[in-house]
Each structure stands twice: as C-alpha cells, then as structure tokens.
1. Around VAL103, which amide H atoms from residues at least 5 apart in sequence, or from another chain, sit under 5 Å from its own amide H, with H modelled in the peptide plane?
2. Which order do peptides 198-207, 74-83, 222-231 fall in by mean Cβ count within 10 Å, highest first?
3. At a 10 Å Cβ-Cβ cut-off, how would you order TYR150, TYR128, fewest neighbours first?
4. Mind listing the Cα extents of the range 232-302 along all three principal axes, in Å, largest one first?
5. In vacuo Debye scattering of the range 80-196, one point per C-alpha: log10 I(q)/I(0) at q = 0.11, 0.12, 0.13 Å⁻¹?
Amino acid sequence: MAWNEPGGNSNNQDPWGGRRGGDRKGPPDLDEAFRKLQESLNGLFGGGKKRGDDDGSGKSGGFGLLFVGLGLLAVVWLYSAIYVVDEQEQAVVLRFGKYYETVGPGLNIYFPPIDRKFQENVTRERAYSKQGQMLTEDENIIEVPLTVQYKIGNLQDFVLNVDQPEISLQHATDSAVRHVVGSTEMDQVLTEGRELLASEVKDRLQRFLDTYRTGILVTQVNVQSAAAPREVQEAFDDVIRAREDEQREKNLAETYANGVVPEARGQAQRMIEDASGYRDEVVSRAQGEADRFSKLVAEYRKAPEVTRERLYLDTMQELMGNTSKVLVTGDKGQNNLLYLPLDKMIDGRSSSAPSAISGAAAGDLGARMSSSGQRQPELRTRESR
C-alpha cells in the first residue's frame, strides 16, 4: 500500500512503514546492524554476555574478530596453495629458494611463501623467427630468413639455470646461422642447399643450448627463400636466370646426345653386321664356285665334248635370258631375221641396260619351222665358239 494513498492515510505513514507520532520508525541504523553482528559472533566464539553485563566484553569481541580474520586468511591461503597441473604441463617447486621437486599432471599443493611454483606447458610448440644479412664463404652478402620451432625439454633447467632462456635461444640462433652460412657458398644457400643448411643450423643450435643447459629442445628449423640484399637484387636475379639458361642448354644437349649417340651406334652396328654378312656371302660363294669348278674339271676329264657343249648351252641360256634383242640365223644363203620381242623390251626399261649379244636361238620360230617340215636353223653368234 502506497504511503501517500488517497483517503487520509498519508499523514500517518512514511516510506519506511512507520506512523508519524511517538512510534515513528526511521531508516535502518548501520551501526546497530554491525553491533548485532558483533554480538552474534561473540556468542559463537564464547562471548555470550550482553553489552553492559561485563566490562571485558570489548576484549572478547576483539578476539572474535581476530579469529574470523585468521579463518579467512586460512581459507585464502588454502585456496592459493592448491593448484591443478594439466596433462600438457609440469610444475617446478622451490622450497626456500632451492629446487624441491618437479610435479606432474594432477591436483597438488604447495606451501607459500616458503615455496615457489613455476608452471609451464612443456608440449606446446613455440616459434622464433629471425632475418638478417650475413656473409657467405665466397664473400657475398645475402639475407636469410628462418624460423626456429622449439619446446621445453627440461623444465628444471628452463627455470633455474638461465635467467632468460628464450633470449639465450635468440643469441644462440644468431651465432649458429652465421657460422653455417659463413662456411657455405652463396649458390648453395640460394638454391638446393637450404635443407642441408637448416639441418646444420638445427644441430649446432641444439649443441649450444645443451651447453648452456637452457632446457630448450629444438624440434625444427625452417630456412625460407634466401635472397640478396635489395640493392643488388636485380643483378642476382640476372645471375640466377643465366644459371637456369645454362642448365636448360645442358639438358637440351644431353637430350640431343641421348638421341643421336644410340642412333649412330645402331647404324655402326648395322654396317658391321652388313659387312660381316657380305664377307660370309662372298667367302661362301667363292668356296662354292671353287668346289663347283673342281667337280667340273673331274667331269671334263671324263667326257670333254659333252661337258664343253653343256657349259656352252648353260652360258647361252643365262645370257639370252637377260637381253631384249634376239638374232636368228638360218642356213647359208638365207637372210638373217632380227626378232624383237616387245614385251621383253618394255620390261627391260626398268632394269639396268642389257649388254648387246650377237647370235641367239628363237624357240618359237624354230618350233614353227619344225612343224612346217623345214629343217630347224642353227643358232649361232658372231663370236667364235
């Protein structure tokens, strides 16, 4: 109900629910509330007497507040002393400034302020990038950007041995990179030598960190594309293009050589084989002709006339078969007839020029003459037999 509600009740009420008059109730008194709270706490801790009943009630109230404060401090200390270590973390505890233990994952407690705790993630990969101008072995200046990936390998060394281990990592990286680049030529750094460069930097950097006992484990070193300084970049690009052109020409020459040399070797081998075949053919033919001649000599000695006639006929057959002109002769007093077979003349154009032969035999003409009852003419040549 509103204190100024119409109906005449507004004069008898105030916002705190009291009536105006002798029994007026004002706003809450904060001092009175604190006093009641103090009396309640005194009752809990043994000070049950009311104010005015005992002169030592002030002292008992002070002890109560002290106990309350100590209890609150104990709760706060316990809350700060209990800590949780995750699966990826470790914690190093120092007692009186000296190493005490390394704590693994789980719920743990330590005792500040006599103990100090250093808790770090030992599995997370961290990275450090660096770029700077360095001098190579052949006295060229190049810029080498790289990234070092690392993690904490030994938390005790990481916390206790070095004041700022990551600063030590940066200095060791700079020293390792300059040492490796200074012992490598520029071509190796700019082209195919980057992987070897990264491996050497990683090994040397890890040796430095182990010597310093920083507790850092280097997992990977990535060397990015090295380049010349900006002032001479154009000249370096020309050198690289010239080197690429040189390599391309070498590849083309090797390709041409790989195509020509086997072909030439094949042709040489074919010529050798043809020569060997021709040699075998000539030798075999000569041996056959020699054997044939030896056998003909034996037959000639047995029957000279027959053998002579047979050799003559074989020779004439071989010669007549390669000519396109045939001369037919008859008996004495008869005119000679020149027989020209057109089909053989046409076929002879595509072959080599035949040798002229004087004297031949005409089989068709002799056959016709034999069938008509005339005596068959004798086949002769102009050459003497």
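Every read-out reported here was derived from the displayed coordinates using simple, explicitly stated rules and does not represent laboratory data. Remember, predicted model here, so these are calculated numbers, not experimental data. Cβ coordinates were reconstructed from backbone atoms using ideal geometry, including for glycine residues, and neighbour counts include every protein chain displayed.
1. ALA91, VAL92, VAL93
2. 198-207, 222-231, 74-83
3. Least crowded to most crowded, the residues run TYR128, TYR150.
4. Result for the range 232-302: principal-axis Cα extents of 104, 10, 7 Å.
5. Reported log10 I(q)/I(0), two decimals: -0.54, -0.60, -0.65.
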